[in-house]
Amino acid sequence: MPRIALSAGHRNQTGGNPIEMELVGPITHELAESCRDHGFDVRVVTPDDGVGTFPGGLREVAKQVVQWADQGWRADIFLEVHAESNGSGDLGRGCFAIYPAADGDTDVIVRDRLGPMIVRALRDETTIPLRGSGVLSERQTHVWTKHNARLGIFEVTRRLQVHCHRLIVEVGAYSSPADLRVMQRPDFAARAGRAMAEAIAQFHDRPLHQELRWYRVAVDTARTREGPGTRFRIALQGEALMHRDQVFAGDEVVEGEPVNGNPLWVHRADHIGFISMALLEKAA
C-alpha cells in the first residue's frame with residue numbers, strides 16, 4: 001500500500017499569508033480523504049488533516065516526515081500544498097509543481113511524470129492554468145536565486161530521496177485576481193483534492209500493475225571502493241521490486257548516497273557500476 005505524507009504549507013509558525021493559510025488547509029484535508037479513498041496509507045503533518053496549525057516551522061514539518069521514516073513509516077510521496085503570491089497580478093497566474101534539484105538530489109520522476117500529472121489534473125478539474133510548463137526546479141525559486149539556499153522541505157528530507165518522491169504543489173496564485181476567484185469557490189478544495197489524488201493514483205497504478213518484476217541484486221564487494229555510492233550499493237544487496245526506471249525496495253529503507261548521483265536504476269544493462277541484477281522467476 002503506497003504511503004502518502006502531506007502537509008498544508010505555512011499552516012505553521014513560519015512564513016505564509018492568511019489568504020494562503022485559509023486556502024491550503026481545506027485542500028490538504030480533501031486531498032488526504034481522497035487519497036484514503038484510493039486505498040493509500042496517509043499521514044498529514046498538519047493537525048486535523050490540514051486544517052489545524054502545526055506547532056513549528058517548515059523545517060520542523062519536514063523533520064516529522066523524516067522521523068516517521070526512522071520509526072518505520074516511510075512515505076512514498078511527500079507533498080506539501082501551497083498557494084503563491086508573486087506580485088504579477090493575472091500575468092502571474094497558474095499552478096505548478098516544484099521538484100528537488102540540488103547536486104545529487106534531483107528527482108527526475110517528479111520533474112517528468114508525477115509533477116506534470118498532478119498539475120495537469122488540477123488544471124483540467126479547476127480551470128487554474130499551468131504556470132509555464134507546470135514544473136519548476138527548486139533552483140528557479142526565489143529562495144535559491146536570492147539566497148543561494150535550498151528549500152527546507154527538500155534539504156531536510158534529502159536522505160529520503162531513494163524511496164520518497166518529494167514535491168511542493170502551488171495550486172494557484174492568490175496574487176492573481178482571476179486565480180483567487182477560482183480558488184475561493186465553495187467547491188474548489190474538494191475538486192482540487194480529488195484531482196490531485198486521482199493523479200497520484202494513476203501514477204502508482206502504472207508501476208504496481210504493469211511490467212513488474214523481481215530482481216536479485218548482487219554487489220561485487222571485492223571491487224567496490226570507498227566513495228560516493230558505496231553504502232548505497234551495499235545496502236541494496238538482496239531482492240528489489242522494479243518497474244522500468246523505478247525501484248520499490250519492499251519494507252527495508254535504503255540509506256546512503258545514490259549510484260552516480262542518481263537514485264534510480266535503469267535495467268537496460270546487466271551491470272551498473274558494481275551492481276548486477278538478475279531477473280527472478282517470482283510472482284509480483
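The values are calculated or read from the model by the stated rules, or taken from the named source; none is laboratory data. The structure presented is a predicted model; accordingly, all values stated were derived computationally and were not measured. With ideal geometry, Cβ positions are generated from the backbone for all residues, glycine too; neighbour counts draw on all protein chains shown. Areas reflect the complete protein model, heavy atoms only, side chains present, ligands, DNA and RNA absent. Shrake-Rupley method; radii C 1.70, N 1.55, O 1.52, S 1.80 Å.
Among the residues of segment 135-169, what is the count of those that are of a type in the set (A, V, I, L, M, F, W, C) and part of a loop (DSSP other than H, G, I, E, B)? Write out each step before concluding.
Initially, segment 135-169 is screened for residues of a type in the set (A, V, I, L, M, F, W, C), giving 135-136, 143-144, 149, 151, 153-154, 156, 160, 162, 164, 167-169.
Retained after the next criterion (residues that are part of a loop (DSSP other than H, G, I, E, B)): 149, 151, 162, 164.
Total satisfying the criteria: 4.
Being part of a loop (DSSP other than H, G, I, E, B) and of a type in the set (Lys, Arg) narrows it down to one of Arg36, Arg11, so name that one.
On inspection, the qualifying residue turns out to be Arg11.
Can you pull out every residue in segment 124-149 that is at pLDDT 90 or above and either among the charged types (D, E, K, R) or within 12 Å of the chain's Cα centre (by Cα) (or both)?
Once the filter is applied, which keeps residues that are at pLDDT 90 or above and either among the charged types (D, E, K, R) or within 12 Å of the chain's Cα centre (by Cα) (or both), segment 124-149 yields Asp124, Glu125, Arg131, Glu138, Arg139.
Are there any pairs, at least 6 apart or on different chains, whose C-beta atoms fall under 6 Å, with the first in segment 11-30 and touching a residue at least 24 places away in the same chain (Cβ under 8 Å) and the second crowded, with 18+ Cβ neighbours inside 10 Å and among the basic types (Lys, Arg), and if so, which?
So the pair list comes out as Gly25/Arg11.
Mind listing whichever residues of segment 128-161 are of a type in the set (S, T, N, Q) and either in contact (Cβ under 8 Å) with a residue 60 or more places away in the chain or open to solvent by 30 Å² or more (accessible area, probe 1.4 Å) (or both)?
Ser133, Gln140, Thr145, Asn148, Thr157, Gln161
Tell me which of these Pro55 doesn't satisfy, since it passes every other one: (1) in contact (Cβ under 8 Å) with a residue 40 or more places away in the chain; (2) surrounded by 15 or more Cβ atoms within 10 Å (Cβ to Cβ); (3) closer than 26 Å to Val143 by Cα; (4) over 17 Å from the mean Cα position of the chain (by Cα).
All conditions pass for Pro55, except number (2).
Among the residues of segment 66-122, which ones are in a loop (DSSP other than H, G, I, E, B), of a type in the set (Asp, Glu) and open to solvent by less than 10 Å² (accessible area, probe 1.4 Å)?
Our first condition is that a residue be in a loop (DSSP other than H, G, I, E, B); within segment 66-122, this holds for 71-76, 85-88, 93-94, 100, 103-104, 107.
Among the residues that remain, those that are also of a type in the set (Asp, Glu) are: 76, 103, 107.
None; the set is empty.
Testing Gly172 on (1) at pLDDT 95 or above; (2) assigned to a strand (DSSP E or B); (3) surrounded by fewer than 22 Cβ atoms within 10 Å (Cβ to Cβ), one condition comes back false. Which one is that?
Answer for Gly172: the failing condition is (3).
Filter segment 39-50 down to residues that are closer than 21 Å to Ile200 by Cα and outside any helix (DSSP H, G or I), then give me how many there are.
Of the residues in that region, 8 qualify.
Residues in segment 14-28 that are of a type outside the set (S, T, N, Q), open to solvent by 50 Å² or more (accessible area, probe 1.4 Å) and assigned to a loop (DSSP other than H, G, I, E, B): how many?
Counting residues in segment 14-28 that are of a type outside the set (S, T, N, Q), open to solvent by 50 Å² or more (accessible area, probe 1.4 Å) and assigned to a loop (DSSP other than H, G, I, E, B) gives 1.
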